[in-house]
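Here's the structure, in structure tokens; my notes come after.
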Amino acid sequence: MTEKLYDADSGMREFSARVLSCEAQKKGWTVVLDRTAFFPEGGGQPGDTGTLGGVRVTDTRIKDGIIYHYTESPLEQDTSVTGVIDWEQRFRRMQNHSGEHIVSGTIHRLFGYNNVGFHMGSEDVTIDIDGPMTEENIREVERLANRTVCENVSIIARYPDGEELKTLEYRSKLDLTENVRIVTIEGCDMCACCAPHVARTGEIGIIKLLDFGSYKGGVRIHMLCGYDALEDYERRCDATRRLSALLSAKQGEVAEAAERLAGELSACKQELARLRKTYIDMRAKEIAPTDGDICIVEQDLTREDMQRLADAAADKCGGLCAVFSGSDAAGYSYVIVSRHDDLTALRGRINELLKGKGGGSKEMLSGKAGCTRSEAEAMPSLLRQQ
């Protein structure tokens with residue numbers, strides 16, 4: 001069993017230990033020490049990183065009470081090494097984990113719901129709660145959680161004996177009976193937890209519930225605490241400032257300005273669609289009737305434009321109507337319509353001539369072409385020569 005120094009002192013940043021073993025793995029080595037302040041992956045929190053004797057530790061995990069340190073280089077067995085935790089990373093994780101306890105404890109106290117899932121990711125922390133909540137509920141929990149932060153109460157981790165454990169009302173996802181580590185946040189929460197926490201709630205800084213949504217009959221809450229919450233706020237403020245400048249609106253009015261812009265954009269799209277339809281109808285009227293094929297090449301037609309134009313022009317020819325949109329540099333899209341030919345029978349030859357790929361029905365084909373404009377225009381006549 002590895003002695004867990006973080007159990008007694010979650011603020012320990014540096015320690016000395018003896019190397020019990022070092023084994024090569026596919027990538028790097030696994031090192032076992034007689035004691036460690038590195039917290040292993042567990043309870044939804046990732047394992048610590050740092051250095052051992054100057055060697056980089058990329059991850060820490062636990063199995064059967066033994067803590068394994070994954071290192072980039074080997075360490076000599078039976079030697080003493082100094083371990084150094086990546087403290088900035090560890091402290092942020094403690095802020096988030098302690099904040100999660102406050103939020104989960106507050107929800108349990110107010111609504112009787114349980115935390116049934118916890119994950120500390122690279123972007124945020126998620127909590128899965130087994131009951132429904134409204135936006136008003138979420139805001140109430142956030143206010144009360146931050147009040148606990150401001151009260152700067154103590155956070156104590158300890159191992160009560162079996163008899164005392166039976167008398168405690170604590171939150172736990174598992175049915176535990178012995179060697180249970182209880183984390184108590186004065187006046188707020190009591191929960192079984194293996195992870196290190198800050199010493200007092202004031203160290204958390206701020207608890208921000210970012211978002212929530214329905215999840216498996218309950219809700220999933222996204223949150224951040226402390227320095228992570230501050231950096232997230234800075235990013236959001238920067239985005240708001242830039243949006244404010246782009247929209248020529250006050251920062252507090254960017255949502256309203258964006259809604260107005262979205263409405264204007266929707267109206268513009270509708271007007272553009274109307275104008276495009278008018279153009280396509282006029283373009284179709286200009287096409288002279290023929291007993292042969294029709295080939296039309298444009299630059300900026302949408303798929304809907306191409307289909308509308310090809311469909312209208314197909315009524316004016318005795319063969320097929322091929323409409324292309326694009327350029328030699330960017331390539332071409334095509335739509336081919338015919339009232340007389342079985343296009344599925346001609347599809348292979350058409351794609352061969354167009355150096356492209358596509359498919360469809362007997363009446364219509366569509367796809368991409370890798371040919372030049374002149375090759376596209378020559379396709380119908382070459383098709384008839386087979």
May I ask you to list the lysines whose Cα is less than 26 Å away from that of K166, ignoring any residue fewer than eight positions away on the same chain?
K4
Cut-off 10 angstrom, C-alpha nodes, Gaussian network model of the chain. Which of C194, C237, C317 fluctuates the most?
C317
Remind me, relative contact order of the chain in percent, using alpha carbon pairs under 8 angstrom and six or more residues apart?
10
Mind checking which lysines have their C-alpha under 28 Å from K355, skipping anything on the same chain fewer than 8 residues away?
K316, K368
Just check the range 254-386 against the gyration tensor rule for me: Cα atoms, a ≥ b ≥ c as the square roots of the eigenvalues, rounded for a/c under 1.5, and otherwise prolate or oblate depending on whether a/b exceeds b/c.
prolate
Expressed in angstrom and rounded, the centroid-to-centroid distance over alpha carbons for the range 97-138 and the range 163-177 is 20
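Taking Cα pairs under 8 Å and at least six residues apart, what relative contact order does the range 161-202 come out at, in percent?
Averaging sequence separation for qualifying contacts and normalising by length gives 34 percent for the range 161-202.
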Cα lying deepest toward the dipole's positive end in the range 1-112, options G43, I107, G53, charges on Cβ:
I107
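What size of dipole, in debye to the nearest 20, comes out for the range 134-222 about its Cα centre when the only charges are +1 on Lys and Arg C-beta atoms and -1 on Asp and Glu C-beta atoms?
Numbers: 12 positive and 15 negative charges, 60 e Å.
Computed about the Cα centre, the dipole is about 280 debye.
Excluding ligands, DNA and RNA, what is the solvent-accessible area per residue of the chain at a probe of 1.4 Å, expressed in Å²?
54
What does the helix-only formula give at 222 nm for the chain: each DSSP H stretch with n ≥ 4 adding -39500 (n - 2.57), the total divided by the residues, and the result rounded to the nearest 500 deg cm²/dmol? Please report the intermediate quantities before stating the final value.
Working: 9 runs with 143 residues, N = 386.
Rounded to the nearest 500, the figure is -12500 deg cm²/dmol.
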Placing +1 on each Lys and Arg Cβ and -1 on each Asp and Glu Cβ in the range 249-301, then taking the dipole about the Cα centre, the residue among M282, I296, A262 whose Cα reaches farthest towards the positive end is A262
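Only Lys, Arg, Asp and Glu count, each charged at its Cβ (+1, +1, -1, -1), so figure out the dipole size of the range 329-386 about its Cα centre, rounded to 20 debye. It would help to have the intermediate numbers written out before the result.
Numbers: 9 positive and 6 negative charges, 21 e Å.
Here the range 329-386 has a charge dipole of around 100 debye.
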In whole percent, how big is the carbon plus sulfur part of the accessible area of the range 204-308, probe 1.4 Å, protein atoms only?
53
Label-point separation, S374 to D238 (7 Å along Cα→Cβ), nm
5.2
Could you tell me which label, among [x] 21, 29, 23, 23, 3; [y] 23, 40, 27, 8, 1, 0; [z] 29, 59, 12, 0, carries the value of P(r) over Cα pairs in 20 Å bins from 0, in percent calculated for this structure?
[x]
Options C321, A273, C194, ranked by Cα towards positive dipole end of the chain, top entry (Cβ charges):
C321
Charges only on Cβ, +1 for Lys and Arg, -1 for Asp and Glu: so what's the dipole of the chain about the Cα centre, in debye to the nearest 20?
1100
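The values are calculated or read from the model by the stated rules, or taken from the named source; none is laboratory data. These numbers come from a predicted model, not from an experiment. Cβ: placed from backbone, ideal geometry, glycine included. Neighbour counts: every protein chain shown. Ligands, DNA and RNA are stripped out before the accessible areas are found, and what is left, the full protein with its side chains, is counted by its heavy atoms. Shrake-Rupley method; radii C 1.70, N 1.55, O 1.52, S 1.80 Å.
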